[in-house]
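Chemist: First, the structure itself, so that you have it in front of you.
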Amino acid sequence: MFLDILKFELNYHRKQYLLYVLSGTFFILFFLATTSPNVQIGDGVANVNINSPYTIMMVVSMISAFSMFAAIAFCSNAVIRDFELGTGGTISVSAHKEIRLCLRTIPRLFTDHHRHLC
Amino acid sequence: MLTIRELSKTYDNGVRALNRVSLEVDKGMFGLLGPNGAGKSSLMRILATLQEPDQGTAQLDDINILEDKESLRRVLGYLPQDFGVYPKISPAAMLDHFIVLKGITGKGERKEIAEALLHQTNLYDVRNSAIDTFSGGMKQRFGIAQALIGNPKLIIVDEPTAGLDPSERNRFHNLLAEIGENIVVILSTHIVDDVSDLCSSMAILGAGEILLSGKPRDVIDSIRGGVWSKKIHRNEMQDYRDNYRVILSHLAEGETIIHVLADDKPEGFTEVSVDLEDVYFATLLGHGISVSI
């Protein structure tokens, strides 16, 4: 059951622009950061080689920091999706008990939001 | 059988959506008719366990709808007014997702159910195209398909035919008539024809109250012989409105025809064969609910 839902979600995100836009942005940003002298991540002042462990660590930590924003984009998409698309009603009526408990990890998102809206 | 007793709901902003609504609904299609803002959707959403009423009870056979929501959801099919779908997902995948959410996990079983429903709603040929490219009618048919998952005992459809063209509406009606034989189907609508075409019993909801309920034929009989029509000029409308109880006006070949309510035949009027629309507007008028006519 959990796997089926996961599969649906992966399939869903595979078809949305967001995934490709973010992947593209990250790829271009960090590709240029490592190849072009005009795009630089971290401090360029230090007297270290471009492939030094220090520089690589710098780039990787910057990727992690930026990926927070990407994560937020995906999360907010999941949070507002059912409000925006009008699927909230059918999903909350369909989802049965076990799934509901499973989804409670994001509190009250799928089950009771209508009460707060009205 | 669905029994609703004294259901009331007042929203935080002071709007009284439902005021002591009581209803008994037998198996078959039940039409809930009312103007916009009458409280239809509120009632539907309470019955679909999406909203809490302030007071009252609702019972489907032996399930207490307001307290045992989980049990009700297992036998409930719901097509909301603003039914939405995920973009770029095929109906087959979306339906499969709903089936999983309903707790049916066997792969073969799921496929079987999905295919049967897609066949029933005539969407099998387009099962792999994106659902958000569908026309209004196809989307509504998909909505019915997802409402039918798991053999529900109660189906709630909230204004399903708004915005459908006549042929699609007809198709949708046939689909509803097919499923409405053995289970309770509640259809809320502001289109009178939906009810007169489909429903074996009905109620008129206005300003949060049940104004009239019964079988369409019986309620039509109740005012038979009391409705009269006349062709008038558009400018004379106000005079007639002041002097008669005008229940509705419509245009025919560019001329205005009014229907009025009177015990005896007024001068210059002819008798009309009463239909549900007359009953609907007469009821609203009788309760002082103004609808633009």
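Chemist: Going by how many other Cβ atoms sit within 10 Å of their own, how do B:190, B:250 line up, fewest first?
Modeler: Lowest count first: B:250, B:190.
Chemist: Find the relative contact order for chain B and round it to a whole percent, using C-alpha pairs within less than 8 Å whose residues are 6+ positions apart.
Modeler: Computed over chain B, the figure is 21 percent.
Chemist: A further question follows. Which distance in nm do the two modelled labels at residue B:125 and residue B:263 give, with both placed 7 Å along the Cα-to-Cβ direction?
Modeler: Inter-label distance under the simple model: 5.9 nm.
Chemist: Right, here's the next one. Sorted from fewest to most neighbouring beta carbons within 10 Å, what does the list B:95, A:3 look like?
Modeler: The fewest-first ordering by Cβ neighbours comes to A:3, B:95.
Chemist: While we're looking at this one, here's another question. Return the subset of B:40/B:69; B:111/B:139; B:40/B:102; A:97/B:215 for which the Cα-Cα distance in this structure is over 28 Å, preserving the input order.
Modeler: Flagged as over cut-off: A:97/B:215.
Chemist: If you place +1 on the Cβ of every Lys and Arg, -1 on the Cβ of every Asp and Glu, and leave all else neutral, what size is the dipole of the protein assembly as shown about its Cα centre, to the nearest 20 Debye?
Modeler: Here the size comes out at about 1460 debye.
Chemist: So what is the orientation-averaged projected area of chain B, using the convex hull of its C-alpha atoms, in nm²?
Modeler: 17.3 nm²
Chemist: Partner chain Cβ atoms within 10 Å, averaged over the residues of A:79-88 - can you pull that number for me?
Modeler: For peptide A:79-88, the averaged partner shielding equals 3.
Chemist: Something else about it: Please list, in order along the range B:235-243, the HN-Hα scalar couplings obtained from phi with the Karplus expression 6.51 cos²θ - 1.76 cosθ + 1.60 (θ = phi - 60°), rounded to whole Hz, x for Gly and Pro.
Modeler: After applying 6.51 cos²θ - 1.76 cosθ + 1.60, I find 5, 7, 3, 5, 4, 5, 5, 6, 9 Hz.
Chemist: Over the range B:225-273, what relative contact order in percent results from Cα pairs under 8 Å that are six or more residues apart?
Modeler: Averaging sequence separation for qualifying contacts and normalising by length gives 54 percent for the range B:225-273.
Chemist: Go through the range B:37-45 residue by residue and turn each phi into a ³J(HN,Hα) via Karplus (6.51, -1.76, 1.60, θ = phi - 60°); whole Hz please, and just put x for glycine and proline.
Modeler: x, 7, x, 4, 5, 4, 4, 4, 6
Chemist: I would also like to ask the following. Which one of A:57, A:2, A:79 has its Cα pushed farthest toward the positive end of the charge dipole of the range A:2-85, where Lys and Arg give +1 and Asp and Glu give -1 at the Cβ?
Modeler: Checked the options; the winner is A:2.
Chemist: Still on this structure, please answer the following. Can you give the helix-only mean residue ellipticity at 222 nm for chain B, where every DSSP H stretch with n ≥ 4 adds -39500 (n - 2.57) and the sum goes over all residues, rounded to the nearest 500 deg cm²/dmol?
Modeler: Mean residue ellipticity, 222 nm, calculated: -9500 deg cm²/dmol.
Chemist: Please report, in cubic angstrom per residue, the volume enclosed by the convex hull of the alpha-carbon atoms of the range B:225-273.
Modeler: 70 Å³
Chemist: Moving on to the next point. Percent of Cα-Cα pairs per 10 Å bin, from 0 to the last occupied bin, for the range B:1-120, please list those.
Modeler: 11, 35, 31, 19, 4, 0
Chemist: Same structure again: Stokes-Einstein diffusion coefficient for the range A:2-85 at 20 °C in a medium of 1.002 mPa s, Rh from the Kirkwood formula over Cα pairs: what value in µm²/s?
Modeler: Answer, rounded: 141 µm²/s.
Chemist: How much length is gained on full extension from residue B:215 to residue B:71, taking 0.36 nm per residue of separation minus their Cα-Cα distance?
Modeler: Stretched fully, the residue B:215-residue B:71 segment lengthens by 48.9 nm.
Chemist: Compute the normalised compactness of the protein assembly as shown: alpha-carbon radius of gyration over 2.2 N^0.38 Å, N being the residue count.
Modeler: For the protein assembly as shown, the normalised Cα radius of gyration is 1.28.
Chemist: Cβ under 15 Å from residue A:17's Cβ, residue A:17 left aside: what net charge do those residues give with Lys, Arg +1 and Asp, Glu -1?
Modeler: +2
Chemist: Please compute the net charge surrounding residue B:80, taking Lys and Arg as +1 and Asp and Glu as -1 over other residues with Cβ under 13 Å from its Cβ.
Modeler: -1
Chemist: Oh, and also: Nearest 20 debye, what's the magnitude of the dipole of the range B:225-273 about its Cα centre given +1 on Lys and Arg Cβ and -1 on Asp and Glu Cβ?
Modeler: 120 debye
Chemist: Kindly rank A:70-77, B:38-45, B:152-159, B:282-289 from highest to lowest mean number of other beta carbons found within 10 Å of each residue.
Modeler: In descending order of packing, they fall as B:38-45, B:152-159, B:282-289, A:70-77.
Chemist: Below 11 angstrom from the Cβ of residue B:202, what's the summed charge of the other residues (Lys, Arg +1; Asp, Glu -1)?
Modeler: With Lys, Arg at +1 and Asp, Glu at -1, the net is 0.
We did not get these values from a lab; they are worked out from the coordinates using the rules stated. Because the structure is a prediction, the values reported are computed rather than measured. Reconstructed Cβ throughout: ideal geometry from the backbone, glycine too, with neighbour counts over all protein chains shown.
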